[in-house]
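This report concerns only the one structure given below.
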Amino acid sequence: MSEKVRYYLEQSIPELEDLQRKGLFEKKEITMIMRRRTDFEHRVTGRGTKQADFLNYVEFEKNTEKLRKKRYTRLAKANLIDTKPSISDWASQRRILFVFDRAIRRFPGDNKLWLAYLKYAKANGSVKVIYKIYTKLLQLQPRNVDAWISAAKYEFEQNTNAKGARVLLQKGLRFNSDSQKLWLNYAKFELVYVTKLLARRKLLSLMTEQQQREDAKTEQEATKGDLNDDEIMLPDFEVKDSLNSLPEVDMNMLGNPETNPALRGEIALTIFDIAMKTLVDQVPKDATIVTRESKTLEVANDFLTLFDQFESLDRHNLCGHVIRYLSSELSSNGKVILLEITLPMRYVTITDSAFVDKLQQSVNLLLKYKPRWGRNLQDEVTEGFVAYIQRFTQDTNSERLQKLLQTIVTRCRQA
């Protein structure tokens, strides 16, 4: 037995003696535990060590701890055990964390070990250990995009530290400016943050007079509908939980979306502008597989999909910014033109009172721009628009609306 193995095993003797003293394990069980630990120590300290050896070691310790807790609970209910805290109450957790620490030192590039380490630390509420793990992971793997995202998510969602999460994402982008995923998650973080601020404002009744008038008007319009639809629609989050998880800010300094661009999601739009320039500039001008045009469309579509998810924000403004950028860069691209034409209809359904007006706006845009295009582009955009509006016919049984849509289809094709 090597000196290192002997040293590690000797560290566990006080814990095993305490387990036997409390009557949680018999002497033969203590012997078996020591024998298994000796075997695992030889495996993880040997030259042929594998990642699985560390994971198996951890699993054995977890099972031992589960058995200890189960027996402790049973004996404590019957008042047959000394409940005064002692070394065996925390030694197992420390040992597992120590095994994990040795594992990532031996295999610093194995993400499976890092994930298992973090999962265990989070499950056991070891905040200081979690910070230590993330710090070490990001130092060893600065190009690991998922690690930066995970660290920022933990900082924001678990510790409600928006400033810390923002710093992590910005640092991650310094090392990974070519990561589209990281840019998208940075924009998503800023949108979620604004959404929570606005939710807090509404929950605390800190709305402007204009917002109150708009809400009153909405309520009046709602009462004109079916009286059987008397149902209060709440957000998808619990009020109490959301208040506890929202960041601490001086709400009096926020202003409102009309006066504060940040509350309209302008920070996310700035991130889009920087991300688009950074990601597209990294594509060679003479590239043939992934061209600058295809990369521009890919990044823009990802941001549009992201913005579509935030119903509480002005999505029309957010998506309009992206589409205007596309129109300035790719003005003759059929897909971009179709996005611009259908923007007024992007967030309406066929049952909305504004549907006909929005549809008319889109049709007018098509008829306005159509004479400027060549024949092929006219056919591409027209058929794309026709396919777009025909999807609405599946959502209604109204013959009047179906006839209207069919008339518009014919008009668009003949124009």
Flag if residue 359 is at pLDDT 85 or above and surrounded by fewer than 17 Cβ atoms within 10 Å (Cβ to Cβ): no
List every residue pair whose Cβ atoms sit under 8 Å apart, with the two residues 6 or more apart in sequence or on different chains, where the first one lies in segment 398-415 and is assigned by TED's automatic domain parsing to the domain that holds residue 377 and the second, anywhere, is assigned to a helix (DSSP H, G or I) and surrounded by fewer than 16 Cβ atoms within 10 Å (Cβ to Cβ). 404/356; 405/390; 409/390; 412/367; 415/367
Based on what the data block shows, is residue 25 part of a loop (DSSP other than H, G, I, E, B) and out of contact with any Gly (no Cβ under 7 Å at 6 or more places or on another chain)? yes
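Pick from 152, 187: which is at pLDDT 95 or above, within 30 Å of residue 94 (Cβ to Cβ) and surrounded by 15 or more Cβ atoms within 10 Å (Cβ to Cβ)?
That would be 152, the only listed residue that is at pLDDT 95 or above, within 30 Å of residue 94 (Cβ to Cβ) and surrounded by 15 or more Cβ atoms within 10 Å (Cβ to Cβ).
Taking the conditions exactly as written (more than 24 Å from residue 108 (Cα to Cα), at pLDDT below 90 and not small (Gly, Ala, Ser)), does residue 24 satisfy them or not?
On the way: more than 24 Å from residue 108 (Cα to Cα): yes; at pLDDT below 90: no; not small (Gly, Ala, Ser): yes.
Criteria not met by residue 24.
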Which pairs have Cβ atoms under 6 Å, sit 6 or more apart or on different chains, and link a residue in segment 180-202 that is in a helix (DSSP H, G or I) to one that is modelled with pLDDT under 95 and of a type in the set (Asp, Glu)? none
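State all residues of segment 108-145 that are among the charged types (D, E, K, R) and touching a residue at least 24 places away in the same chain (Cβ under 8 Å); if no residue qualifies, say none. Walk me through it before giving the result.
The initial filter retains those residues of segment 108-145 that are among the charged types (D, E, K, R), namely 110, 112, 119, 122, 128, 132, 136, 143.
Within segment 108-145, 110, 112, 122, 136, 143 qualify.
Identify, from the list 342, 349, 407, 393, the residue that is of a type in the set (Val, Ile, Thr), surrounded by fewer than 13 Cβ atoms within 10 Å (Cβ to Cβ) and in a helix (DSSP H, G or I). It would help to see each step written out before you state the result.
Details: 342 fails: surrounded by fewer than 13 Cβ atoms within 10 Å (Cβ to Cβ); 349 fails: in a helix (DSSP H, G or I); 393 fails: surrounded by fewer than 13 Cβ atoms within 10 Å (Cβ to Cβ).
The conditions single out 407.
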Only one of (1) in a helix (DSSP H, G or I); (2) in contact with a helix residue (DSSP H, G or I) (Cβ under 7 Å, 6 or more places away or on another chain); (3) surrounded by 15 or more Cβ atoms within 10 Å (Cβ to Cβ) is not met by residue 62, so which one is it? (3)
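For residue 158, state whether it is more than 23 Å from residue 311 (Cβ to Cβ) and loosely packed, with under 15 Cβ neighbours inside 10 Å.
Yes.
The values are calculated or read from the model by the stated rules, or taken from the named source; none is laboratory data. Since this is a predicted model, take the numbers as computed values, not measurements. As a convention, Cβ positions derive from the backbone with ideal geometry for all residues, glycine included, and neighbour counts pool all protein chains shown.
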